[in-house]
Amino acid sequence: MQLTANGVDLAASLAIHAVIHPLQVPLWIDLTSVVVAALAGAAVAVEERFDLVGGILLAVATGLGGGIIRDLLLGLRPVAVTNHFYLPTVTTAALAGYLFASLLRRFGTPFIVLDAMATGLFTVVGVEKALLYDLPDVSAIFIGVAAGVGGGLVVDVIAGRPVGMVRCGPWNATAALAGAVFYAVLAGFDAPTGFRQAVALAVVVTMRLTSLRWGLHTPLPDDLVHKLTPKRHQGVDAPRHTAEDAVH
């Protein structure tokens, strides 16, 4: 009986907490992020010559991937399947993006800006939702980054392409990480929610667009041992030991 009472108290506490600290991101903004991500997925489907059904599935998975990853990490039922707006919206966007891919190419620069904003919005919502459930800041940052880059990860995996977020290239996960950190830090100082969202979104979008404009890439790993070793010793190989040496 005590366990039941505790369970009821916990559920009531979470419900009250959600009412007191609701997510401030309007539904239309979240849906806009989903639509932009779905259009990006549709563009990849056309480029990779997917058929109609495969292209729509890829675009839908791309549009909903970040939010689903976020909710699963939080132990929640994904809002993409509990809210009746998401699936029809993302499916319509996927179909439109697949059938009018050439039209999308004409809006290259605006679409890049929207794509950067979508990454920022997914990141912001991910961090905010994680903090809503009282997760540690580090965990909230991780979930925010996972939500921000989740759609791109899904499209690369399904399309059989090298996963861009783990390769040297323009800032994507790096931008999401910076935005998530800014949001968590500002939340720690009890900054207004709108201010936190604006700053984090601006950081992600600015870093993403700057890296694309100026060709800035994430650094490759460097061997510090090689750098710290005196030059006169760099050409000398260490003695190699074989299994036979170990026996003797």
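Can you give the net charge of the other residues whose Cβ lies under 12 Å from the Cβ of Val155, counting K and R as +1 and D and E as -1?
Details: positive: Arg161; negative: Glu47, Glu48, Asp115, Asp156.
Cβ neighbours under 12 Å give a net charge of -3.
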Calculated over region 24-217: convex hull of Cα atoms, volume per residue (Å³): 108 Å³
Ordering of 194-201, 82-89 by burial proxy (mean other Cβ atoms within 10 Å per residue, highest first): 194-201, 82-89
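Based on the mean of other Cβ atoms within 10 Å per residue, sort peptides 37-45, 211-219 so the most packed one is first. Spell out each step's value before the answer.
Working: 37-45: 27.1, 211-219: 12.2.
Going from most to least packed, we get 37-45, 211-219.
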Vicinal HN-Hα couplings computed from phi for region 105-111 (Karplus, 6.51 cos²θ - 1.76 cosθ + 1.60; Hz; Gly/Pro x): 5, 6, 10, x, 5, x, 5
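If the chain between Leu220 and Thr109 were fully stretched, how many nm would it gain, using 0.36 nm times the residue separation less the Cα-Cα distance? Could the numbers behind the result be given before it?
Working: separation 111, 0.36 × 111 = 39.96 nm, distance 2.78 nm.
Difference between extended and current length: 37.2 nm.
Considering only the other residues whose Cβ falls under 14 Å of the Cβ of Val34, what net charge follows from Lys and Arg at +1 and Asp and Glu at -1? Walk me through the intermediate numbers first.
On the way: positive: Arg70; negative: Asp30, Asp71, Asp115.
Result for the local shell: -2.
Using unit Cβ charges (K, R positive; D, E negative) and no other charged atoms, how large, in debye to the nearest 20, is the dipole of region 24-217 about its Cα centre? Working shown, then result.
Values: 11 positive and 11 negative charges, 80 e Å.
Once rounded to the nearest 20, the dipole reads 380 debye.
Provide the net charge surrounding Ala96, with neighbours chosen by a C-beta distance below 15 Å and charges set as Lys +1, Arg +1, Asp -1, Glu -1. Can you show the working numbers first?
Details: positive: Arg105, Arg106; negative: none.
Net local charge, Ala96 excluded: +2.
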Estimated FRET transfer efficiency (Ser102, Asp134; beta-carbon r; R0 35 Å; 0.05): 0.15
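Laboratory data are not the source of any read-out in this text; all were calculated from the coordinates shown. Since this is a predicted model, take the numbers as computed values, not measurements. Note that each Cβ is placed from the backbone with ideal geometry, even for glycine, and that neighbours are counted across all protein chains shown.
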